[in-house]
1. Can you name the condition, by its number, that D78 falls short on among (1) free of Cβ contacts under 8 Å to residues at least 60 places away in the same chain; (2) within 15 Å of the ligand (Cβ to nearest atom)?
2. Hey, among E139, E61, which residue is within 13 Å of the ligand (Cβ to nearest atom), among the charged types (D, E, K, R) and more than 13 Å from the chain's Cα centre (by Cα)?
3. Within the range 13-26, track down each residue that is surrounded by fewer than 10 Cβ atoms within 10 Å (Cβ to Cβ) and part of a helix (DSSP H, G or I).
4. I need the full set of residues from the range 98-120 which are crowded, with 17+ Cβ neighbours inside 10 Å, within 11 Å of the ligand (Cβ to nearest atom) and assigned to a loop (DSSP other than H, G, I, E, B), in order please.
5. Right, E53: out of contact with any His (no Cβ under 6 Å at 6 or more places or on another chain), assigned to a helix (DSSP H, G or I) and of a type in the set (D, E) or not?
6. Of the residues G68, G83, which single one is surrounded by 14 or more Cβ atoms within 10 Å (Cβ to Cβ) and more than 11 Å from the ligand (Cβ to nearest atom)?
7. What residue, of G83, G107, is touching a Cys at 6+ places or on another chain (Cβ under 8 Å), at pLDDT 95 or above and at positive phi?
8. Looking only at the range 129-147, which residues are exposed (fewer than 15 other Cβ atoms within 10 Å of the Cβ) and under 22 Å from I50 (Cβ atoms)?
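The values are calculated or read from the model by the stated rules, or taken from the named source; none is laboratory data. Please read all numbers here as calculations on a predicted model, not as lab measurements. Don't worry about glycine lacking a Cβ; one is built from the backbone with ideal geometry, like all the others, and counts go over all protein chains shown.
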Amino acid sequence: MTTQSTERQAVVDAFQHLYYDQPENTWDNTYWLGVPTQKCPLDLWVYQEIIFELRPDVIVECGTCKGGSALFLASMCDMVRNGRVFSIDIEPQRSRPNHKRVRYILGSSTDPDVAGLVRQQTRPKDRVLVFLDSDHTKEHVLNELRA
Ligand SMILES: C[S@@+](CC[C@H](N)C(=O)[O-])C[C@H]1O[C@@H](n2cnc3c(N)ncnc32)[C@H](O)[C@@H]1O
């Protein structure tokens, strides 16, 4: 490694430590339109760039939690005037935000019935964008990719 890349890696590691190891100041204290959103805002900015460029017809979010990201994705769909959001979680939550573009699905993101439900609601020509933010274990993510 060159000195420059070592220094760069040190900054990345420090940011990782600061951001992920002190969640009460960062991802546990981040809101979109008042709804808790477990995301680094820098990632949300990149989401916005992807949505603007791809203009997806369907967005699938695996892992809803409180619904802040689902609402963020729906807000971006409003701004580009296209897209619906399916957000999947195994845990029901009472206070998730309502939005005309969002449909919450209760179940596992690897359950074939859940994948079937999303597929049923999707037309063959739809451009589909998927965010995997549920169980981050290797096995689960692999199964999500397969689903
Ligand atoms: C990191 S949180 C999601 C955060 C949310 N995407 C956001 O940005 O605010 C992970 C969520 O995944 C859910 N989860 C865990 N295992 C799951 C599975 N097999 N299928 C669907 N959701 C799952 C948990 O209940 C939890 O709400």
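1. Of (1) free of Cβ contacts under 8 Å to residues at least 60 places away in the same chain; (2) within 15 Å of the ligand (Cβ to nearest atom), only one is false for D78: (2).
2. Criteria check complete, one pass: E139.
3. Answer for the range 13-26, where residues must be surrounded by fewer than 10 Cβ atoms within 10 Å (Cβ to Cβ) and part of a helix (DSSP H, G or I): just E24.
4. S108, S109, T110
5. Details: out of contact with any His (no Cβ under 6 Å at 6 or more places or on another chain): yes; assigned to a helix (DSSP H, G or I): yes; of a type in the set (D, E): yes.
For E53, the condition - out of contact with any His (no Cβ under 6 Å at 6 or more places or on another chain), assigned to a helix (DSSP H, G or I) and of a type in the set (D, E) - is met.
6. G83
7. The match here is G83.
8. So in the range 129-147, the residues exposed (fewer than 15 other Cβ atoms within 10 Å of the Cβ) come out as 136-139, 142, 145-146.
Residues satisfying the conditions are H136, L145.
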